[in-house]
Structures are given as C-alpha cells and as structure tokens.
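Everything below concerns the one structure shown next.
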Amino acid sequence: MMERVEHTPRTSGGGVRNGEHAGLLADLRDAMTYRAALYLLLALPLGGVVAALLTAGVVGGLLTLPLLFGAGLLLGTLWLVGGLADVQRVLAGLLGASFPRPALPRAYAGLLPWLGATLADPATYRALLFHVVQLPLALVCWVVVGVLLAAALLGLGAPLWARGPGAFPLVVGDANLVPGPWAVAGLMLLGAGALIVSGGVLNVLGRMWTRLTLALLSLDSGDEAARREVVALRRAAGRVALGDDLGLTLSDLVTQARAASTARGLALLRPSGEILAQGGEGGPFTLPPALPAPGEADVRVTPNGRVQATLPVTLPPSADRTEGGALLALYPSGTRPGADELAFLLSIADHAGTAMHAAQLIEQAGARAGEQERARLARELHDSVAQALYGITLGAKTARATLDRDPGKARASLDYTIRLAEGGVSEMKALLFSLRPDALEEGGLVAALAQHVHALEARHGLTVHAGLGAEPHLTPEAQAAAYRVAQEALHNVVKHARATQVWLSVAQAGGVVTVSVRDDGRGFDPQATGRGTLGQRSMRERAVGAGGTLDVQSAPGEGTLVTLRLPVAAAQVHAGQVQPEIDPAGENL
C-alpha cells in the first residue's frame, strides 16, 4: 500500500489558507491552545504526586524488604504504575488523545500470574518511562510558558506602570526610571508579541504532549491491534456477504472501522461529497481535490488542525461506475495513523466497494428476474388460461348453435364449457399461488399441493388421487423441498410417463413425513439412466439439503413411485407431537 502525505495550510501561527492570511491571533482563537494550557497546568502537580508516590513506594519497599511488608510495598508500587497510567490517560483526553482498550479484560488466577504478566508487558515499562519524564518535562514547559506569560503581562501592563510609577518603582543607581510614551508603546508591543508567541508555543506543546502520551501510554500491543482488525474485517466480510440493505451494511462497516482503529470519526462519502454513513465524532468531512489512486492513502492536516486520512472506495471494472467515493478518517491534532492502520482502513474501503457493487448486481438481477417472470407469466397465461377461454368461447358458440335442433348436444357442449371454466379457475388460482413468495408459508404444503393438483387435472386431463391429510410438521426449508420435489415428480408424470392416473399422498408417522407420487405410466429402467435425469438429481439434492432421502422405483410398463422422506421439525419432536407409525394394513407398528 502506498501512502501520500500532504499538509494543507493551517490557520495558526499566521499561516496562509486559500491565499489569505489567517491572522496572528489564530492560535489564541484555537480551543486546543487552552486545552493544552489546562493540561500543562495539571501535569506539573500530577507529575509531582506521581513521582512522590512511586519514589516512596520503591525506596520504602527496598528499605523494608527484609521485613514482611517490604515485598508488599514493591507490589503495590508496581500496581500504582498501571493505576496512575490510567489517570494520565484520562488527563490526556484534554489533548484529544484516545486509548482503545482490549476487547476483553485480562483475568489472572493468582498473584504470581499477575506479577509475571505485568512484568512481561511492554506497556508497564512505557508507562513507567512516562511517569519518570513527566515531572521534569512539565517543569520545563512551565518555565517556558511562565516566562512568555510574564513578559506578556509586564508588556501589556506598561500603561499602569507609566500612570503610577511609585507603585512599580524601577531604580537604577540613584535614578528612578519612568517610562515615556514611546517606551510604553514598545513594551505593549513586546507584551502583545509575547502573548501571541505564548499561544503558538502552547499549541506546539499540546501536540508534543499528545504524541508523547500516545507513544508511551497506549494500551495496545501490536498483537491486540491486529486481533481487533482481524475481528473487524471478519465481521465486515460477513455483513457484506449477507447482502441485505446497503445503508445498514455501510453503517456497520463504519462502526467496525471505528471500533478497531484510533480514528475519532469516520465517514463514507460519495464522489459528490454526500455522506453515506458516519460514525464517531462529526466532521467536517471534506474530500480532497483529487482522490488517491486505488491502493493509496491521502493523509493531510485539515484547516482546523486535525489530521484526515482519505482512502478510495473502488468498484470492479465490471461495475456501472468504478468510483465509489472515499472513506475518511479524522484524528486529533498532532497524531497520524500508522501504515498498518491505513492498510486496515483501506480493506474496509474495499469491503464498502464490494457492498456497493453487490447492491448494483442485486438491482440488475431483480430487474432481469422481473422481466423473466413477466415472460413466464405470459407463457403460462397463453398455455392455460387463454386456451381455456378460447375453449369456453368455442363451447358456448356450439351450444348456442345446437340449442334448438339438438338439446342433448347443446347440453354436452355446456358441460364441456363448465369443465373448461372450472379448469381455468384452477389454473388461475395455481398461477396466483405461485406468484406469491409467501404463499407456501401461509397456506402450507397441503394447500399448495391441492392447488397444483387442481391445475394438473384441468390442464392435462389426469385423474389424481390425492391423500393429503393434515398439514405435516416441517421446517420452512423442508416444506419448500417437499413441495418442489412433488412438483417435479408430477411434472415428470405429465412429460414422460403417459399416465392416466396419479396417486399423491402426504403422511406423517414416527417422526418422519413421507411424500409419495405414483403413476400408472410406462415406467423406465433406473439402471439405464445411471445417476438419473437432471430432474431426478435436482430432487435428490433438494431432499439431501432438507435432511431427508429420496427413493425412485420404476420398471418398464409398471409405472413409477417417487418417495420422499423428511424429518419432522425438531420443536415438534421435542414436544411429542408425532404420531405412531402405521403399516400399509392400518395397524400400529
């Protein structure tokens, strides 16, 4: 992964933005300056307290080590290193620093395992180093800032000195110095300059302390960060594979990226700048003038001093458009993401591109499926209902023509017309039933097969003996498999068997649901077909997928018997809602 680092002009220190001077008072107007001042104000006393506690614990423990409680003091001091580091992390929040914690807290079985793990943890020594350098470094910062603020106070207070020289006497030898007008103006100018410089120095010191706290107080080891990123990428991949609502998928990707990274805020944007999903702190999120190339990251300092990483969201060349926008990540002033984190965020951006492409494909597939369904519906209407209506029209005309001269023939024509009308109604019901995606779930297997049987009798003139009985207790998956297998078996009867009668039965006994289709057709030799036809293989796959079995028995001239056996739904078995198995003679087994 390539990284491109750029810096946009800041509005501090008299910088230039968009060709215009931002002003000398930019740092004094920056809220981060005062947060840094508050941090420095608290860092020195806190550093003193920390140094005193740790020094007293170590010295006291070493001096009393021959006694019983000397080791306890040393262990308590070791615990204080971590406990005081937590206090330092809270204080570092003033600088905008955040410290992601491990997903699961560590658990220890006793004192010795805790001691071994603490001494082996690099974070312990980093925290100890921070405690050691905090007091002298904070003292230096206090001196520098104190000198600048004192100079600013003296310079800006020059008019008070001029108006009351007795209150602020300055004696050189025997002379009492009193500032004149030009001296007062110069001192005030010097004081204003010292105040402006103080703002810039506080801003710089704030960034320095931010980097120091992130470097030495971070709880993350490389392994923990990598583990979080792997978990986030696994969840992101699962969410993308689910392929449901695009908005929810993108929001979940941003949430996973926020949880596994050190970014304070993330957002997915379209190429136009419209925000698709956002997490963490708000923006402003602004796309750079040009998006980085695929596989690259653009890292720059924004006008408000924060660091923004821009990672491109790209789609495959086969997509309608290859640019999906960008993933933007914001970091506090003075911090920047490492190469590993940028690579992780780039992977999240790639997942977002995959989700967008999948949404495009689903939309296209839905459009094509709608066209295919309309074509299928047209064929069904032409082959069934349209022909039935034509037959009804023809029968009605024949009945009208023969009504006066041959009433018997007219009655036969009307009976034929009524049968066609009933068949057309059954065909239409079956067609409407198949068009509803939830029809099988709402009506059940028995109702679905009954509708199919009526359509089969009306369209092909078969005599179907249906023994459907009560609705069996099947899972939705097994119910769908039973319906499709029975449908395919009946279709094979019409297409290949040349049968006149068909027997269809559905029965539940002994924790097993049996669906059988038998015909009196010409049959076939199962050995000659090897693994079976495509339809037979499809039925077997459906049966196995639902946890059942399929048996096909046939012989030339003896018809065919297709038997599907499926297990009863687990909840019904546990509840005892199964019937005893019954043999063909009607006796209990």
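Throughout, read-outs are computed from the coordinates displayed, never taken from laboratory work. Quick caveat, the model's predicted, so the values are computed rather than measured.
Summary value for the stretch 445-509: 51 percent relative contact order, contacts being C-alpha pairs under 8 angstrom separated by 6+ residues. Between A466 and L504, the built amide H atoms are under 5 Å apart, and every one of these is 5 or more places off in sequence or on another chain.
Computed from phi, the 3J(HN,Hα) profile of the stretch 302-310 under the Karplus parametrisation 6.51, -1.76, 1.60 (θ = phi - 60°) reads 7, x, 8, x, 7, 9, 10, 9, 10 Hz, with x in place of Gly and Pro.
Rounded, prolate or oblate for the stretch 27-133? Axes are the square roots of the Cα gyration tensor eigenvalues, ordered a ≥ b ≥ c, and the cut-off for rounded is a/c under 1.5. Note, shape of the stretch 27-133 comes out oblate. Between L276 and L268, L269, R270, the built amide H atoms are under 5 Å apart, and every one of these is 5 or more places off in sequence or on another chain. A simple rule links phi to the HN-Hα coupling: the Karplus curve 6.51 cos²θ - 1.76 cosθ + 1.60 with θ = phi - 60°, which for the stretch 535-551 gives x, 5, 5, 5, 5, 5, 5, 5, 5, 5, x, 8, x, x, 9, 10, 10 Hz, with x for Gly and Pro. In order along the stretch 407-416, the phi-based Karplus estimate (6.51 cos²θ - 1.76 cosθ + 1.60, θ = phi - 60°) of 3J(HN,Hα) comes to x, x, 5, 5, 5, 5, 5, 5, 4, 4 Hz; Gly and Pro are listed as x.
A straight line joining the Cα centroids of the stretch 476-549 and the stretch 27-95 runs 77 Å. Between amide H atoms placed 1.01 Å from N, distances below 5 Å from N304 occur with no residue 5 or more places distant or on a separate chain. If you take the Cα centroid of the stretch 249-309 and the Cα centroid of the stretch 330-368, the two points sit 10 Å apart. Eigenvalues of the alpha-carbon gyration tensor of the stretch 296-367, scaled by 5 and square-rooted, set the equivalent ellipsoid semi-axes at 30, 11, 9 angstrom, largest first.
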